[in-house]
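Report on one structure; see the data block that follows.
The values are calculated or read from the model by the stated rules, or taken from the named source; none is laboratory data. From a predicted model like this one, the values you see are computed outputs, not experimental measurements. So basically every Cβ, Gly included, is an ideal-geometry build from the backbone, and we count neighbours across all protein chains shown. To get the accessible areas, we keep the full protein, side chains included, count just its heavy atoms, and leave off ligands, DNA and RNA. Shrake-Rupley method; radii C 1.70, N 1.55, O 1.52, S 1.80 Å.
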Amino acid sequence: MIFMLTNNCNLRCPMCGHSSHNNGEAMPFDKYISLLDEIKKTPDMWEKHKWVRLDGNREPLLYGKLIQAIQEAKKRSFYVNLITNGILLSKQTSDLLIGRKVDAINISITGISSNVYRYFQGAGGGIEKTGEQLNRVINNVAYLSEQRTFRAPKMHIRISFIVTSQSVKEVRKAFEFWKKIGVNEFQITQDSNTAFNPETEVRRRIYRSSKTCLSSLVIASNGDVFPCCMPAGEGVVLGNCFEKNLNGVFQSDRFRSFFESLSTLDFYKIPQSCRNCFQIVYEAQSSS
């Protein structure tokens with residue numbers, strides 16, 4: 001389950017399909033607590049949603065009560081994951097995250113040279129300013145990795161690197177760099193704005209590349225429930241859990257119909273919003 005605790009980010013990355021949706025809205029803390037309690041007390045929900053992500057593809061370190069939010073989730077035995085761009089991941093913040101026993105942290109950083117990083121997370125800033133920002137993120141991640149080694153060895157640190165024509169030449173160098181820093185995983189992802197065009201295939205059968213499609217529901221800061229954290233997913237509101245409880249959204253006809261269509265694995269039956277998603281892999285098959 002993904003909680004969009006804040007609809008805000010301190011970057012405007014050109015490849016991010018969420019930037020235009022940011023309005024600075026924050027999830028009321030009491031609503032967040034109520035949702036945790038509902039999931040925990042509902043057996044079917046608890047079985048499927050023991051992991052919570054506290055970012056919603058925004059910058060969670062901008063949420064004023066993030067540390068309390070983590071603490072409340074851990075108190076209820078949730079596993080906690082968050083994705084950050086690393087700019088605000090100061091030593092003090094890292095110490096707090098380690099102290100609250102966050103299970104996994106994903107840092108989105110593409111490029112280890114100022115020129116490449118500038119295109120992705122530099123937000124169009126000057127080369128000098130971008131270089132300073134990149135160095136800050138590297139130092140932040142290095143400190144987190146070093147400290148967790150002996151204070152929280154079970155914490156999983158992942159670097160998420162987006163591959164495009166602008167960054168592909170730095171993939172190997174970046175992998176070796178972050179390996180030396182001591183992160184657990186170097187994840188290569190595709191630009192989410194890259195759309196597939198499966199209409200040229202003779203037959204289509206869909207294979208979900210991960211469990212994302214059926215497990216990564218998003219609760220927005222205003223209570224809207226989205227089917228996933230992809231940009232297209234935010235255009236599909238399955239209900240609002242502030243107007244009715246989360247279970248009420250899950251039991252609604254709109255919710256059931258959406259996921260019944262998705263689970264068919266038939267290109268012509270899945271929701272229109274899912275057909276060009278880069279999380280879905282299309283395999284051409286012969287007509288025989």
From the option list Arg58, Arg53, Arg76, single residue qualifying as touching a helix residue (DSSP H, G or I) at 6+ places or on another chain (Cβ under 8 Å), surrounded by 15 or more Cβ atoms within 10 Å (Cβ to Cβ) and of a type in the set (D, E, K, R) is Arg76
| Among the residues of segment 25-48, is any assigned to a loop (DSSP other than H, G, I, E, B), modelled with pLDDT of 95 or more and either of a type in the set (D, E, K, R) or on the phi > 0 side of the Ramachandran plot (or both)? | no
Of Gln133, Gln147, the only residue that is over 22 Å from the mean Cα position of the chain (by Cα) and either part of a helix (DSSP H, G or I) or in contact (Cβ under 8 Å) with a residue 40 or more places away in the chain (or both) is Gln147
Cys228: passes all of (1) in contact with a Ser or Thr (Cβ under 8 Å, 6 or more places away or on another chain); (2) more than 26 Å from Ile33 (Cα to Cα) but (2)
Does Ser77 satisfy the criteria of being modelled with pLDDT of 95 or more and in a loop (DSSP other than H, G, I, E, B)?
-> yes
Only unsatisfied item for Leu96, checking (1) part of a helix (DSSP H, G or I); (2) open to solvent by 50 Å² or more (accessible area, probe 1.4 Å); (3) in contact (Cβ under 8 Å) with a residue 40 or more places away in the chain, is (3)
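Among the residues that make up segment 202-221, is at least one of them within 18 Å of the chain's Cα centre (by Cα), of a type outside the set (Val, Ile, Thr), open to solvent by less than 60 Å² (accessible area, probe 1.4 Å) and modelled with pLDDT under 55? So that I can check it myself, show each step before the final result.
Pass one, segment 202-221, residues within 18 Å of the chain's Cα centre (by Cα): 208-221.
Pick out the ones that are also of a type outside the set (Val, Ile, Thr) and you get 208-211, 213-217, 220-221.
Retained after the next criterion (residues that are open to solvent by less than 60 Å² (accessible area, probe 1.4 Å)): 210, 213, 215-217, 220-221.
So of that shortlist, the ones also modelled with pLDDT under 55 come out as 210.
The answer is yes; a qualifying residue exists.
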Selection over segment 232-288 where residues are part of a loop (DSSP other than H, G, I, E, B), on the phi < 0 side of the Ramachandran plot and modelled with pLDDT of 90 or more yields a count of 8
Is segment 33-50 home to any residue that is open to solvent by 40 Å² or more (accessible area, probe 1.4 Å) and within 15 Å of the chain's Cα centre (by Cα)?
no
